[in-house]
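Q: Okay, handing you the structure first.
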Amino acid sequence: MIIDFHVHTFPKKIADAAIDSIGREKAGIRPFTDGTPEDLILSMKKAGIDYSVNLPVPTNMKQMVKLNRLAIETREANQARGIINFGGIHPQYEDFRTIMKDLAAGGIRGIKIHPAFMDTSIEDIRCLQVIDYASELDLAVLVHTGIELANHEYNYCSVKGILHVIDQVHPRTLILAHMGNLGFWEDVERDLCGAPVWFDTSFSLGRISRHPLAVKAPFMEDRLSREDFTRIAKKHGMDRLLFGTDSPWGDQKTDVDSIRSLDFTEDEKEKIFSGNALRILKIS
């Protein structure tokens, strides 16, 4: 079994605009699907992926309420076709506890926080409160870390900030996207490897695929080499790694093949691809 723990989809009516705005205009990166759930499913079949965890990223309060309601309403239908819905919490929303209680009661297993798109540092007390309450509800929290190519002037979720979160709230299930901190892997290897958090592998291995019509060049060109990725993974611990692609910004088939080709045992690959994810998602 293969579970992609980090994908994004958009409603069909806004998918084209969202893909163009984020990919071409802001981040300068190539999309590998059209951003719709239907095209994600085609990508999953091509890559041999059984489930993908869909992570909404609300950028305002009204959108947040709507996206989380939709996640609950479509949970069963989406999971039947291989898409597992997470919620998305904007830490500046005052009544976040009600939203999160509804998510947990509706069978949603986790939430996404994107500090850069929400203009809120991970060290902000509001982020700490959301993460702490997620632990109380047994909801996993997946957070964007490090550079955000569409908004790269400030690292809203640095290694220092993550260590502050761990120290202050001792999160139950905190998943750090992009191998702990996109673009700051020396800090990850020195200070985060072995910490009580999970790393997802999304958008962290190999070269970035540039959009041929990009308006802005991305802040970084290269990601981790095969050797550096393997070393950091083993140093952190194979029981705390989750396969992810960041689709549509990563190609699922390419990323599956890349992990399979690395110097891991078959047991280690099984943990990355699904074993660790199954325990968090609580699905058999």
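Q: What dipole magnitude, in Debye to the nearest 20, does segment 3-281 give about its Cα centre under +1 on Lys/Arg Cβ and -1 on Asp/Glu Cβ?
A: 520
Q: Another one. For segment 147-284, just say rounded, prolate or oblate: build the C-alpha gyration tensor, square-root its eigenvalues into a ≥ b ≥ c, call rounded for a/c under 1.5, and beyond that prolate if a/b exceeds b/c, oblate if not.
A: Oblate is the answer for segment 147-284, as a/c is 1.5 or above yet b/c matches or exceeds a/b.
Q: Now for a different question. What number, in percent, do you get for the relative contact order of the chain if the mean sequence gap of Cα pairs under 8 Å and at least 6 apart is divided by its residue count?
A: This gives 23 percent for the chain.
Q: On to the next question. Do any trypsin sites (Lys or Arg not before Pro) in segment 91-131 lie in a loop, going by DSSP, with at most 11 other beta-carbon atoms within 10 Å of their beta carbon, and if so which?
A: Passing sites in segment 91-131 do not exist.
Q: Another question, then. Taking H as built 1.01 Å from N, whose amide H comes closer than 5 Å to the amide H of Phe10, not counting residues under 5 places away?
A: Placed amide hydrogens put Thr36 under 5 Å from Phe10.
Q: Would you report the distance distribution of C-alpha pairs in the chain as whole percents per 10 angstrom bin, up to the bin with the largest distance?
A: Calculated P(r), rounded to whole percents: 7, 32, 40, 20, 1.
Q: Same structure again: With a/c under 1.5 counting as rounded, go ahead and sort segment 1-117 into rounded, prolate or oblate using the C-alpha gyration tensor (a ≥ b ≥ c being the square roots of the eigenvalues; past the cut-off, prolate if a/b is larger than b/c, else oblate).
A: Oblate.
Q: Now for a different question. Sort segment 30-183 into rounded, prolate or oblate with this rule: let a ≥ b ≥ c be the square roots of the eigenvalues of the Cα gyration tensor; rounded if a/c is under 1.5, and if a/c is not under 1.5, prolate when a/b is larger than b/c, oblate otherwise.
A: In terms of gyration-tensor shape, oblate.
Q: Non-local amide H neighbours of Val53 (under 5 Å, H modeled in plane, Pro and chain starts lacking H): which ones?
A: For Val53, the qualifying residues are Asp4, Phe5, His6, Val7, Ile84.
Q: Next question, about the same structure. So what is the calculated 222 nm ellipticity per residue for the chain, using -39500 (n - 2.57) for each DSSP H run with n of 4 or more, over all residues, to the nearest 500 deg cm²/dmol?
A: Only helices count here, giving -10500 deg cm²/dmol.
Q: Order the peptides 7-15, 82-90 from the highest to the lowest mean number of other Cβ atoms within 10 Å of their residues.
A: Most protected by this proxy first, the peptides run 82-90, 7-15.
Q: Turning to a different aspect of this structure: In this model, which of Lys62/Lys253; Lys12/Lys253; Lys112/Lys235 are farther than 28 Å apart at the alpha-carbon?
A: Beyond 28 Å: Lys62/Lys253.
Q: Of the options Pro171, Asn151, Ala105, report the single residue whose Cα projects farthest towards the positive end of the charge dipole of the chain (beta-carbon charges: Lys, Arg +1; Asp, Glu -1).
A: Sorting the options by dipole projection puts first Ala105.
Q: Work out the charge dipole of segment 3-281 with +1 on the Cβ of Lys and Arg and -1 on the Cβ of Asp and Glu about the Cα centre, then indicate which of Pro56, Thr120, Gly244 is farthest towards its positive end.
A: Farthest towards the positive pole: Pro56.
Q: Continuing with this model, one more query. Determine the percent antiparallel among the DSSP beta bridges restricted to segment 3-281, to the nearest 5.
A: Counting DSSP beta bridges with both partners in segment 3-281, the antiparallel share is about 10 percent.
Q: Suppose every K and R has +1 on its Cβ and every D and E has -1 on its Cβ; what is the size of the dipole of segment 56-144 about the Cα centre, in Debye to the nearest 20?
A: That gives segment 56-144 a dipole magnitude of about 380 debye.
FYI, it's all coordinate maths here, none of it is from the lab. Only a predicted model underlies this, so the values are computations on that prediction, with no experimental measurement involved. Neighbour counts are summed over all protein chains in view; Cβ atoms, including those assigned to glycine, are modelled from backbone coordinates with ideal geometry.
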